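Reading through the C-alpha cells given below for one structure.
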Amino acid sequence: MTDLVLWDDAQARRFEPFSLTRPVAAIRAGALMMHERWARALGAHVTGTVTSAHLQDFGEFDAPPCLTSGTLAAGTILANSRFAPAVSAYPAGDAWQCEGRLVAVRLSAPIDVSALHAGDLRLESLASAGSTTDVAGWWLERPWDLIRHLPVMLASDIAALAPTIEPAPASTLTLLGDHLVTLEAGCRVEPMVVLDASAGPILIHRGATISAFTRLVGPCVIGRDSQVLGGRVATSSIGETCRVHGEVSSTIFIGHANKGHDGFVGHSVLGRWTNLGAATVTSNLKNTYGMVHAWAPDGEQNTGLQFLGTLLGDHARTGIGTRLTTGSVVGAGANVVNDGMPPRVIAPFAFGGGTYRLEKFLEVAARVMSRRQVTLGDRERLHLARAHGARWSVG
C-alpha cells in the first residue's frame with residue numbers, strides 16, 4: 001500500500017484553538033477525522049503528519065505520528081491536511097487538484113522532512129510532469145470552515161459510508177422523511193426516539209446508544225460508543241465516546257467530549273476531552289443578524305457566516321450556567337469559571353483571571369481520561385506540557 005504523509009502548511013498551523021494541541025490531520029471534518037478521509041480517498045496508509053515543532057510528541061488512538069526527521073521516499077504521496085477530500089475513492093495519478101490548487105502530489109524523488117518544517121513550501125514545487133487529476137472535496141481556510149461545509153459534507157460522507165457498514169437487524173423505529181437512515185449492528189435505539197431524515201441522512205455507529213425522548217435530525221452522524229441522552233441533535237457530527245444531552249445544532253464533537261446536561265450548543269466545534277457544565281449555552285447568531293467576526297492568531301476575521309457559536313480547544317471546560325457569546329474562541333485547557341458572560345476570547349490554560357498550573361492541569365486531565373478507561377501516558381504528558389509552554393495570548 002502506498003505511503004501517505006499529511007502536511008500542515010503555515011495556514012494550518014494557525015487553526016487555533018485546535019492547532020495548539022493537535023495537527024489538522026487529527027481534526028474531525030464531516031463524519032471522519034481528516035486522516036481517515038485521506039486514507040479512504042487515496043486507498044493509502046497514512047504513515048505520519050508533518051506539523052508544528054511543539055506537536056512532536058502528539059499521539060492519540062489511531063492518529064498518525066508526527067514526523068520530525070528522516071526522508072520521505074520517492075513514490076510517497078504528500079497531501080495538504082487543510083483539504084478535506086470527498087470520501088469516495090480518487091483515481092490513481094501523480095498529482096491531485098481542486099479549484100485549481102494542488103491538494104496532493106506523488107513524490108518523484110526523496111525529500112528530507114526538514115524541508116517541510118517551516119510550512120511555507122508549495123506542493124507545486126514538488127509536482128512532476130505527470131498527470132494532474134481534478135478531485136472533489138473542500139478547502140478549509142479557517143477552522144470555522146468546518147462548520148461552513150458541515151451539512152454538505154455529512155450528506156456526502158453518509159452516502160459513501162453507509163454501504164460499507166453491517167446494518168443492525170430490522171426493528172420498529174419512528175422514521176420521518178425519505179433520506180437514508182443507517183443503523184450499524186451493535187448500536188441501540190430505545191423506544192420513543194424520532195429519526196427525522198426529512199432534511200438529510202442519519203448514520204448511527206455500533207456501540208452508540210440513543211435514549212428515549214431524543215430527536216435526531218439529519219444529516220447527522222453518531223459515533224461509536226457515544227450516548228445521546230435526550231433532546232434534539234440536528235446536522236451534527238458526534239465523534240466516538242461522547243455524552244450528549246439537550247439541544248445541539250450544526251456542531252462537531254471531535255471525540256471523547258461531554259455535554260451531559262441541558263443547554264443549547266449550536267454551530268460549534270468541541271475539542272477532545274472538553275466538558276460543558278450544566279446549562280452551558282452558546283450564542284450562534286448576533287442580535288443584528290449580521291456576519292460573525294471571530295478571533296484568529298493573525299487578527300480578528302469576518303467569517304462570512306451568519307451562524308457561528310464557539311470553538312473549544314481540547315481539555316477546555318465550562319462551569320455551570322456559562323454563557324458563551326457569538327463567535328467565541330476558548331483555548332485548549334481553559335477552565336471557564338467567570339461569572340456572567342466570559343470574554344469572547346479565552347486564552348489556553350486560563351483559569352479565572354490567572355493561568356492553570358501545569359501540574360494541576362495534568363492531574364485533572366489524567367482523572368478525566370481515566371473515566372473513559374484512557375491512561376494519560378508519559379508522552380502525552382510531555383505533549384501537553386509543550387502545549388502549555390507554547391500557549392498563545394489573547395492580545
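The set of residues in the range 364-378 being surrounded by 12 or more Cβ atoms within 10 Å (Cβ to Cβ) and either without any contact (Cβ under 8 Å) to a residue 24 or more places away in the chain or charged (D, E, K, R) (or both) consists of Val364, Ala366, Arg372, Leu376, Gly377. Tell me, yes or no, whether the range 103-111 has at least one residue that is part of a loop (DSSP other than H, G, I, E, B), without any contact (Cβ under 8 Å) to a residue 40 or more places away in the chain and open to solvent by less than 20 Å² (accessible area, probe 1.4 Å). For the range 103-111, residues part of a loop (DSSP other than H, G, I, E, B), without any contact (Cβ under 8 Å) to a residue 40 or more places away in the chain and open to solvent by less than 20 Å² (accessible area, probe 1.4 Å): present. Does Val233 qualify as being touching a Cys at 6+ places or on another chain (Cβ under 7 Å) and part of a strand (DSSP E or B)? Yes.
So that you can scan it fast, the table gives a plain yes or no per residue for (1) aromatic (Phe, Trp, Tyr); (2) surrounded by 23 or more Cβ atoms within 10 Å (Cβ to Cβ); (3) part of a loop (DSSP other than H, G, I, E, B); (4) on the phi > 0 side of the Ramachandran plot:
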position	(1), (2), (3), (4)
Asp298	no, no, yes, no
Gly304	no, no, yes, yes
Asp314	no, yes, yes, no
Gly321	no, no, yes, yes
Val329	no, yes, no, no
Ala332	no, yes, yes, no
Gly340	no, no, yes, yes
Pro343	no, no, yes, no
Pro348	no, yes, yes, no
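Just one of the listed residues (Phe351, Phe361) is farther than 22 Å from Val248 by Cα and in contact (Cβ under 8 Å) with a residue 24 or more places away in the chain, and it is Phe361. If you check Val135 against the conditions, is it touching a Cys at 6+ places or on another chain (Cβ under 9 Å) and open to solvent by less than 50 Å² (accessible area, probe 1.4 Å)? It is true that Val135 is touching a Cys at 6+ places or on another chain (Cβ under 9 Å) and open to solvent by less than 50 Å² (accessible area, probe 1.4 Å).
The set of residues in the range 220-230 being open to solvent by less than 10 Å² (accessible area, probe 1.4 Å) and assigned to a loop (DSSP other than H, G, I, E, B) consists of Gly223, Ser226, Gly230.
The values are calculated or read from the model by the stated rules, or taken from the named source; none is laboratory data. The shown structure was predicted, so the numbers you read here are calculated from the model rather than taken from an experiment. All Cβ positions, glycine included, derive from the backbone under ideal geometry; neighbour counts span all protein chains shown. We work out accessible area using only protein heavy atoms, side chains counted, and drop any ligands, DNA or RNA first. Shrake-Rupley method; radii C 1.70, N 1.55, O 1.52, S 1.80 Å.
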